[in-house]
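One structure below.
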Amino acid sequence: MAVENAETGRILIVEDDERLAGLIQEYLHNNGLQVSIEGHGAKATERILTEYPDLVILDLMLPGEDGVSICRKVRRHFQNPILMLTARTDDLDEVLGLEMGADDYMAKPVRPRVLLARIRALLRRKTAEEEEPSPELSCLQFGSLMIDSSMREAWLNNSSIELTSAEFDLLWLLCSNAGRVLSREEIFSRLRGIEYDGQDRSIDVRISRIRPKIGDDPVHPRLIKTVRSKGYLFVKSN
């Protein structure tokens, strides 16, 4: 399922607003992407898993089944990026989408150029994940926590940790820079390929999700520390 060129990726838009879906399809098609549309939530899961597109644009509010439920259903079997669209700027919508495994989100009204930039960044990240990993520094261990970038898996006390693709990328970035504070701007740029707008909370949400999974205390973290006004620090040793 590799994308040979991020500009020719196959995109599935799951959106019941026919006009909006059509406009997005036309804009992305004019920029070299192959785009199909599904307007009904109840049919989306089967299409995503059957067609296995390179990226899914998934609306939150859909007839038949909502986007959060669809994302939760497909996430264990669909490893490619999911970009969720939210009609409101409610933080809860964004958090729910990220918790269910969405890789990114955008609030409507959608700005086509910004959407295209997000898609390209997600496809570039997907392509980079599928390339041969560097033989150096492919596995890191911190006490009972082990992270393997070649297998894209992590273990705690020899038990596999269930991480979304975006969570693994963030954990690996923090661990491979253990002992160094990474600003939100740097994390955002490294993982998303776009500039941090100062408002996006996806990094903070993922940190809060990762902490308990790796045995860290969410209230008084000892592994992933929040450095006020600076960013996040993965502690080398305790």
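The values are calculated or read from the model by the stated rules, or taken from the named source; none is laboratory data. This one's a predicted model, so the numbers in the text were calculated from it and none came from an experiment. Every residue, glycine among them, receives a Cβ derived from its backbone with ideal geometry; neighbour counts consider all protein chains shown. Each accessible area value is taken on the protein alone, full model and side chains, heavy atoms only, with ligands, DNA and RNA left out. Shrake-Rupley method; radii C 1.70, N 1.55, O 1.52, S 1.80 Å.
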Scope segment 47-83; condition assigned to a helix (DSSP H, G or I) and either touching a Lys or Arg at 6+ places or on another chain (Cβ under 7 Å) or within 14 Å of L98 (Cα to Cα) (or both); matching residues = G67, V68, S69, I70, C71, R72, K73, V74
inquiry  = Every residue in segment 169-186 that is within 20 Å of W155 (Cα to Cα) and either in a strand (DSSP E or B) or of a type outside the set (G, A, S) (or both), please.
reply    = D169, L170, L171, W172, L173, L174, C175, N177
ask   = Can we say I194 is open to solvent by less than 50 Å² (accessible area, probe 1.4 Å), in contact with a helix residue (DSSP H, G or I) (Cβ under 6 Å, 6 or more places away or on another chain), at pLDDT below 90 and in a loop (DSSP other than H, G, I, E, B)?
value = yes
Identity of the residue in segment 201-236, acidic (D, E) and over 20 Å from the mean Cα position of the chain (by Cα), that ends up modelled with the highest pLDDT = D216
task = Just need a number here: residues in segment 26-83 that are surrounded by fewer than 16 Cβ atoms within 10 Å (Cβ to Cβ), touching a helix residue (DSSP H, G or I) at 6+ places or on another chain (Cβ under 9 Å) and closer than 11 Å to R10 by Cα.
result = 3
query = Mind checking which residues of segment 121-152 are under 25 Å from D104 (Cβ atoms) and modelled with pLDDT of 90 or more?
reply = I147, D148
remark   = Here the qualifying pairs (Cβ atoms under 9 Å; residues six or more apart or on different chains; first in segment 215-226 and open to solvent by less than 40 Å² (accessible area, probe 1.4 Å); second β-branched (V, I, T) and not in a loop (DSSP other than H, G, I, E, B)) come out as D216/I210; D216/I224; P221/I207; I224/I207; I224/I210
